[in-house]
Amino acid sequence: MSEVVRLRGVVKIYGSGALRVEALRGVDLTVARGEFLCIMGPSGSGKTTLLNIISTLDRPTRGDVKVCGVDVGGMGGEELARFRLRHIGVVFQFHNLLPELTALDNVALPLIIGGVGVREARRRAEELLRRMGVGGRLAHRPSEMSGGERQRVAVARALATEPELLVCDEPTGSLDYKSKLSVLELLREANREMGVTVIVATHDPLVSRFSTRVLQLVDGVIKG
Ligand SMILES: Nc1ncnc2c1ncn2[C@@H]1O[C@H](COP(=O)(O)OP(=O)(O)O)[C@@H](O)[C@H]1O
Ligand SMILES: [Mg+2]
C-alpha cells in the first residue's frame, strides 16, 4: 500500500447562517509513502482544518478520507483514537506537552497508553530523546526547557509509537531560526531514516527546502 493519504472532494464548513465559513472547498490530495509534503498557505487558508482531517482529529462536512489504506469515515471515536495511536503522530505549533510530566514521561506516555510496560516505555523514550538531541533534558519539565527543546520533545513523542504518518501543524511557528533548522532536520531524518511519511503545514518558506513536494493551499483549495 503506497498511498498513505487519499482525500477526495473534501469540504469543511464551520458554523451556519451569517457565521458560515467554507474552510475547505473540495480538496483532492494523494500522499505516497515516503513523501515529505509541505503544504504552504497564508493564515486562514485552511491548513489546520486540512491537517485535523488528515490526522482524523476532525471530520469533513463532505468527502472521503482514507488514511493508511483505511476509510476512516465510518469509524467511531474510540476506534479512531486507537487508529491514531497506532498509525499517526501529530506535532502542533505549541508543543502541547503535559506540563507536570518530565520530557522522558511525556514521550513514554503514548507507549504506556498503547500497552507497553513502564520500564520499556521509558527505555525507548530515552533512546528517542537522545536521538533528537535532547538526551540532557530527560528529567526536565516543559517549563524548564527552551522552545526548540520542547518542540524536539514533541517530535519525539509523536514518533514514539513508530507511526507511519507524521502530521505537523506549523511546527516551526514559534521558534527562532536555529531551533527551526534543528526541528526541520529531525523531521527530515524521521522521513529518510525511519521511513515516516511527513506532512507539514506552514507559512514558513524555510520548510519547503526540507520537503520532497510543495503544495499551495489558497482559500481552501489546493493549487498545484
Ligand atoms: N472551529 C472553527 N469555527 C469556525 N470557523 C473556523 C474554525 N476553525 C477555523 N475556522 C475558520 O476556517 C478558516 C480556515 O482556518 P484554519 O484551518 O485554521 O486556517 P490556517 O490554519 O491556514 O490559518 C478560517 O477562516 C477560520 O477562521
Ligand atoms: Mg493553522
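The values are calculated or read from the model by the stated rules, or taken from the named source; none is laboratory data. It should be emphasised that the depicted structure is a prediction, and the values quoted were computed from it without experimental measurement. Ideal geometry is used to build each Cβ from the backbone, glycine not excepted, and the neighbour counts take in all protein chains shown. Just so you know, the surface numbers come from the protein's heavy atoms only, side chains and all, with ligands and any DNA or RNA stripped out. Shrake-Rupley method; radii C 1.70, N 1.55, O 1.52, S 1.80 Å.
Which of the pairs Lys12/Lys178; Lys47/Lys180; Lys47/Lys178 have their Cα atoms more than 29 Å apart in this structure?
Lys12/Lys178
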TODO: Note down the nm distance, to one decimal, between modelled labels 7 Å out along Cα→Cβ at Val221 and at Arg20.
DONE: 1.8 nm
TODO: Report, in debye and to the nearest 20, how large the dipole of the range 159-224 comes out about its Cα centre when Lys and Arg carry +1 and Asp and Glu carry -1 on their Cβ.
DONE: 280 debye
Task: Accessible area (Å², per residue) of the chain, counting only protein heavy atoms and a probe of 1.4 Å - done: 47 Å²
Task: Amide H contacts of Val214 (H built 1.01 Å from N, under 5 Å, at least 5 apart or other chain) - done: Cys38
- [ ] Could you compute the FRET efficiency for Arg59 and Ala139, with r as their C-beta to C-beta distance and R0 at 41 Å, rounded to 0.05?
- [x] 0.55
Task: For the chain, calculated [θ]222 nm from helices alone, where every DSSP H run of n ≥ 4 adds -39500 (n - 2.57) - done: -10500 deg cm²/dmol
Open item on the list: What distance in nm separates the two pseudo spin-label positions at Val70 and Tyr177, each 7 Å out from Cα along the beta-carbon direction?
Closed with: 4.3 nm
- [ ] Provide the FRET efficiency to the nearest 0.05 for the Ser43-Val214 pair, computing r from the beta carbons and using R0 = 25 Å.
- [x] 0.90
Task: Set of aspartates and glutamates with alpha-carbon distance to Lys223 below 16 Å, sequence-local pairs under 8 removed - done: Asp28
- [ ] Using only the Cα atoms of the range 72-126, build the gyration tensor, take square roots of its eigenvalues as a ≥ b ≥ c, and label the shape rounded, prolate or oblate: rounded if a/c is under 1.5, else prolate if a/b is larger than b/c, else oblate.
- [x] oblate
Open item on the list: Within the range 3-223, what whole-number % of the accessible surface is contributed by carbon and sulfur, with the 1.4 Å probe and all protein chains included in the calculation?
Closed with: 49 percent
- [ ] Pop a pseudo-label 7 angstrom from the Cα along the beta-carbon direction at both Arg192 and Arg86 and give the gap in nm to one decimal.
- [x] 3.2 nm
Task: Cα shape, the range 75-224, gyration tensor, a/c 1.5 rule - done: oblate
Task: Relative contact order (%) - criterion: Cα under 8 Å, at least six apart; region: the chain - done: 30 percent
TODO: Measure nothing but the geometry: give the 0 to 90° angle between the long axis through the Cα atoms of 118-131 and the longest principal axis through the Cα atoms of the chain, rounded to 10°.
DONE: 80 degrees
